[in-house]
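**Q** This is the structure I want to talk about, given as structure tokens.
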Amino acid sequence: MSAQIAETLKFIFKLKWKPNKDLLAVGISWLLVVGALYTANVIVGPEAGGGLPYFFLYALLGATIFGVGIPLYWMTIVRQLPISDLGINTRYLWVSLALQLGLAVFQYFSTLAQTGLPAYEVLIPLVALALAIGFFEALFWRGWVLLRLEEAFGVIPAILLGSFLYALYHVGYGMPTSEIVFLFFIGLMFAVVFRLTRNIFILWPLFQPMGQLVTLIRDQLSLPLLASLGFIEALALMLVLVWLAAHYQKKQSEKRTGLQEEQA
């Protein structure tokens, strides 16, 4: 047991220097996501055009296409790797869900239970937003950015640098420096929790979205009830992209197996 603990600690604190082309893809996707978010929140604003330009830039272009589509495309098509390398897998699934449930219960009683919930016509669109953006953030920040940084630099540098990039990303929301510093520590918490199982289902659909929901309620964000449909559609599109990537990966794996059998 002591030897296993020693090996685990050695792995956690091991430093690496293996930068690769994945980091370039991470950097480009980060710039695109932050750029879309900044354009949506600061330049365009949620009221312009009845909210449709904001929704397109924020939920569809930024979160879905840049935040989910690029990592899936890069890992499955460019790198020919499974989506499990993005933290989307069944390994430790039940452990992840059980841990998430415990964390979510604790989070609820320490936040939402004290904050109070708004009327349902205000709450429903916020829940839909939190679920959609929560999935994007779990996949993008943890499965994509964190794990690529870990491959290049090691666990501890990845958690620190990934949390810094996560905090800096909130510049796109027009947040002040004090809130961005606070979000660095929120990023640390989500990164450490994710790293327990390397599975995004330790964060989504309860733990991370609930944290976002608390922020949305405290900020008194108000969206029309119809916005719920838009965010549900965005989430559905993200899940379709995941399914397409998994399907492509399966077909490629079957093709490689078939070629190996023919050569044998």
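The values are calculated or read from the model by the stated rules, or taken from the named source; none is laboratory data. Please read these numbers as outputs of a predicted model, since none were measured by experiment. With ideal geometry, Cβ positions are generated from the backbone for all residues, glycine too; neighbour counts draw on all protein chains shown.
**Q** Which residue is nearest to residue 190 (Cα to Cα), if the candidates are limited to the range 166-175 and must be part of a helix (DSSP H, G or I) and touching a helix residue (DSSP H, G or I) at 6+ places or on another chain (Cβ under 6 Å)?
**A** 166
**Q** Quick check on the range 85-100. Is at least one of its residues under 15 Å from the mean Cα position of the chain (by Cα) and of a type in the set (Ser, Thr, Tyr)?
**A** Looking for residues that are under 15 Å from the mean Cα position of the chain (by Cα) and of a type in the set (Ser, Thr, Tyr), one finds none in the range 85-100, hence no.
**Q** Determine whether residue 216 is within 21 Å of residue 166 (Cβ to Cβ) and buried (at least 17 other Cβ atoms within 10 Å of the Cβ). Let's see the steps before the verdict.
**A** Numbers: within 21 Å of residue 166 (Cβ to Cβ): yes; buried (at least 17 other Cβ atoms within 10 Å of the Cβ): yes.
Yes.
Yes or no, residue by residue, for (1) among the charged types (D, E, K, R); (2) more than 26 Å from residue 78 (Cβ to Cβ); (3) out of contact with any Phe, Trp or Tyr (no Cβ under 8 Å at 6 or more places or on another chain); (4) assigned to a loop (DSSP other than H, G, I, E, B):
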| residue | (1), (2), (3), (4) |
| --- | --- |
| 188 | no, yes, yes, no |
| 195 | yes, no, yes, no |
| 216 | no, yes, yes, no |
| 220 | no, yes, yes, yes |
| 224 | no, yes, yes, yes |
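**Q** Please go through the range 153-175 and give me each residue that is farther than 21 Å from residue 63 by Cα and buried (at least 18 other Cβ atoms within 10 Å of the Cβ), ordered by number.
**A** 153, 154, 155, 158, 159
**Q** Only one of these is over 23 Å from residue 244 (Cα atoms) and among the β-branched types (Val, Ile, Thr): 88, 83, 124. Name it.
**A** 124
**Q** Moving on. Pairs, please: C-beta under 6 Å, at least 6 apart or cross-chain, first residue closer than 15 Å to residue 146 by Cα and in the range 24-47, second basic (Lys, Arg) and at pLDDT 95 or above?
**A** Close Cβ pairs (under 6 Å, with a partner that is basic (Lys, Arg) and at pLDDT 95 or above) amount to 26/148.
**Q** Okay, moving on. Pairs, please: C-beta under 7 Å, at least 6 apart or cross-chain, first residue in contact (Cβ under 8 Å) with a residue 24 or more places away in the chain and hydrophobic (A, V, I, L, M, F, W, C) and in the range 165-191, second outside any helix (DSSP H, G or I) and buried (at least 17 other Cβ atoms within 10 Å of the Cβ)?
**A** Here the result reads 190/203, each pair linking the range 165-191 to a residue that is outside any helix (DSSP H, G or I) and buried (at least 17 other Cβ atoms within 10 Å of the Cβ).
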